[in-house]
1. Taking the stretch 216-236 as the search range and keeping residues that are among the hydrophobic types (A, V, I, L, M, F, W, C) and over 12 Å from SER201 (Cβ atoms), which one is surrounded by the most Cβ atoms within 10 Å (Cβ to Cβ)?
2. Among the residues of the stretch 360-384, count how many are under 21 Å from the mean Cα position of the chain (by Cα) and over 19 Å from PRO304 (Cα atoms).
3. From GLU311, GLU318, which residue is touching a helix residue (DSSP H, G or I) at 6+ places or on another chain (Cβ under 7 Å), more than 21 Å from ASN449 (Cα to Cα) and more than 16 Å from ligand 2 (Cβ to nearest atom)?
4. Report yes if LEU456 is within 14 Å of ligand 1 (Cβ to nearest atom), surrounded by 18 or more Cβ atoms within 10 Å (Cβ to Cβ) and at pLDDT 95 or above, otherwise no.
5. Across the stretch 175-195, what is the number of residues that are away from ligand 1 (no atom under 16 Å from the Cβ), at positive phi and open to solvent by less than 10 Å² (accessible area, probe 1.4 Å)?
6. Please state which of the following conditions SER445 fails to meet, knowing it meets all the rest: (1) out of contact with any Asp or Glu (no Cβ under 7 Å at 6 or more places or on another chain); (2) crowded, with 18+ Cβ neighbours inside 10 Å; (3) assigned to a helix (DSSP H, G or I).
7. If you go through the stretch 111-123 one residue at a time, how many are modelled with pLDDT of 80 or more and under 17 Å from LEU82 (Cβ atoms)?
8. Mind checking which residues of the stretch 322-380 are at negative phi, free of Cβ contacts under 8 Å to residues at least 24 places away in the same chain and either part of a helix (DSSP H, G or I) or not polar (S, T, N, Q) (or both)?
Amino acid sequence: MKQGLGLPVFPGVAIGPAVVYRKAQRTIPVACGDPAVEQKKFDSARETAREQLTALYNKAAQELGEDKAAIIEVQMLMLDDLDYLEAVTAAIQDGAAAAQAALDCGEEFAQVFAALDDEYMKARSADIRDISQRISDILCGNAGFQLPEGSFLLVAEDLGPSETIQLPRDQIMAFVTRQGSSSSHTAILARTLNIPSLVQSDIALEEAEACKVLAVDGFTGKWYADPDEETMAMLLKKKEEAAADREALEVYRGKESVTKSGRKVLLCANIGCPEDAEAAVAADAEGVGLMRSEFLYLGRDTLPTEDELFEAYKKVGEIMGDRPVVIRTLDIGADKQVSYMGLDKEENPALGLRGLRICLTREEIFRPQMRAIYRASAYGNLSVMFPMVASVWELKAAKELCAKVRAELEAEGVPMKEVPIGIMIETPAAAVLAQELAKEAAFFSVGTNDLTQYTLAVDRQNAKLGDFYDPYHPALMALLGHIAKSANEAGIWAGICGELGADPKLTETFLKMGYTELSMAPGRILGTRRLVCESEV
Ligand code: PEP
Ligand code: MG
């Protein structure tokens, strides 16, 4: 047995096979000098791609139905697109390596598709990129991430948001990463999925690959490769106890979150995609306090269309019914990067063009999102909030854009409900300006992950700064108190949607400060409700 340590981000015990996720190596081999040989390589890779897609199609058709599998069929048809094949052959004749020709022509065609007016054809640009990447990967000897059958513990150096979004959630029993931090998005996803997970662990990827059974103790942060009998017995006992604890919380299901003195708090869920709304309902959430809508933009090659966004928001609104849903507008930037927006590489992305700053400088990105939210408002109880606000003028400018979009939709006769506009408070500037901002915002939701990072000047992603990332820091507590007080005085509600919202050590403190909403991973709701109901505040 080998063992080690990591930083636990969600409690629980997981025991099972380990699967190691390695990032794709994309070094393109140089052309061999003979176009005929390169062409042969391309043709053979194309056939391998066809075999892979056929297998994928069969699996998807069986598990998800033929209509969902149709997307793969489209990609298979593209493998025979004569224009694409001719372009590749021409590039190879010009001296390009087969893998490079596949990628370059894929990109060229993708851009042509993306520029078309037809929504269906626009969406095909992602498909052509995808098959070109597949062919190129085959030619580079890069098998990609081979998804195993059944459940497993996923071990990786690190996982970016766009990688986690593509993972098969129902198969993953735990995450174990060597990098990451407790407020990184892998940790957030682990909490959403209620799975024990470790970041900053000292496990070697080779070690994980070599073991038959990996066990993770999300209470202590320990991992065990091929645990011995005694350890296994200890872990199984813990697992049973954790299940019993969860069972004990069931008495709080369906109960109101009210303190002994009658103070009411709304306990909401943080979600990333529409499907998470089902988990929120299953966890007895009283609403959605944060929909991280940027997850609709990750793991793809083109901007989602207004209609795609509309369908996603409508679905969340419908699933949640009368319960409030707060949709955060796109918070791309910093650790959540997408290639297709054409954003420059930045020296310091956490302080760069991110969050609302993108929306204010790229109206063509903001407008479809707001149109989709307003259109979806007819199907639920939706609010919207902006991330990364630092100045009052930013909020005013964003509200003006919203008013324009709303007026446009009204003129089109689109049915809409009132959509309150609030903001996230996650920069020290916004915290300090809370009184001013409260005059313009319908509510505040505090993003403690970023507010901690920016207040303490400590990168939330940097694994080496663990002890310095102190969410209990007195400076942060002072800001949190000021934010709630400013909101209460202005008569607007204030909530917390950063990871601290679920911290049992702070629940009472937040109630005393005057917060009336806490939003968290769905799995934390019943435990927090118990604390609220037992509180005298
Ligand atoms: C936060 O910063 O606390 C927050 C909720 O937003 P995110 O974690 O998505 O940056
Ligand atoms: Mg944030």
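1. Looking at the filtered set, the residue picked out is LEU235.
2. 2
3. GLU318
4. Answer is yes for this residue.
5. 0
6. (3)
7. Residues that pass the stated criteria total 2.
8. Selection gives LEU343, ASP344, LYS345, GLU346, GLU347, PRO349, LEU351, GLY352, LEU353, THR361, ARG362, GLU364.
The values are calculated or read from the model by the stated rules, or taken from the named source; none is laboratory data. Predicted model only: the values in this text are computed from it and were never measured. Glycine gets a Cβ as well: all are built from the backbone with ideal geometry, and neighbour counts include every protein chain shown. Heavy atoms of the whole protein, side chains included, go into the accessibility calculation; ligands, DNA and RNA do not. Shrake-Rupley method; radii C 1.70, N 1.55, O 1.52, S 1.80 Å.
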